[in-house]
Structures are given as structure tokens and as C-alpha cells.
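Contents: one structure, followed by commentary.
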Ligand SMILES: O=C(O)CCC(=O)C(=O)O
């Protein structure tokens, strides 16, 4: 999810966001030659939200005025598979994985047993353990 929080009024003249409606479901990466972009004009204080897959950018600022905004991208780090892969993965496979692959398989989002073990469900790469059995009793 992409979020643009407009700190200034935003028009085509001062470089507002540009989007390609429907492109988020095209299954294609952004085509930089694509010309049929639509401006997203906004007032200071508006919050604009779109699917991060939407092809987007910003117009050239030709106004001589500022066009400040805060842009942030969010994704669901807690999204997990429906099978309990962390608990069932053979250790010889686990040991071959990179930290990123371990995170994708859920080893960075194993829920704690209780608030004494951990408050957050999220753990970082430095908290990854040596063996699968080190996560479970
Ligand atoms: O400047 C904007 O309005 C959009 C910028 C943006 O979404 C990005 O840089 O990914």
C-alpha cells in the first residue's frame, strides 16, 4: 500500500502524483514509456492511498512553488501462509535458506507463547535461530 500525505496543495503545475488507472492488475511492471497517466490533484492535508502495484510517478514541477508530501509504502510483514511451514520444515532444508528466505517462510513472524517471551510477533534476522527445533519445544 502506497500513501501520499499532501503537505502542500498539489496540482499538475507543481508536480502532483500521476497514476495509470487499472495498471495494478495488469500483471506487468511499470512501462516508463506509458503516456496515459492521470493527475491526482490534492489539497494540503489530503491523504492519497493506492495499491503499490499501480504504475505511478509525479509530474514535473513547473510552477516555481514547492510541492511537499510524505510518501510511505506499507506491506503486511505479518502475512503468513496457511500451512505451518516453520514447524514442519526439515532442518536440513532450513539450514540452506538465506535469512530473507527464512523470513518469507514465516520464521520472522512466529507468535510468542506469551508476553514474557516477547511482546511483538515480529522478529528480525538477528533473532533467527540455528535450527528449526530451537523455535519449538
Ligand atoms: O511523488 C508522488 O506523488 C509519488 C511518489 C511515489 O509514490 C514514489 O516515489 O514511489
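Under the condition of being near the ligand (Cβ under 10 Å from one of its atoms) and in a loop (DSSP other than H, G, I, E, B), the residues counted in segment 1-29 number 2.
Could you tell me which residue of segment 69-90 is nearest to residue 129 (Cα to Cα), considering only residues that are at pLDDT 95 or above and surrounded by 12 or more Cβ atoms within 10 Å (Cβ to Cβ)? Only one residue fits best here, namely 89.
The values are calculated or read from the model by the stated rules, or taken from the named source; none is laboratory data. On a predicted model such as this, the values are computed, not experimentally measured, just so you know. Virtual Cβ from ideal backbone geometry, glycine too; neighbours counted across all protein chains shown.
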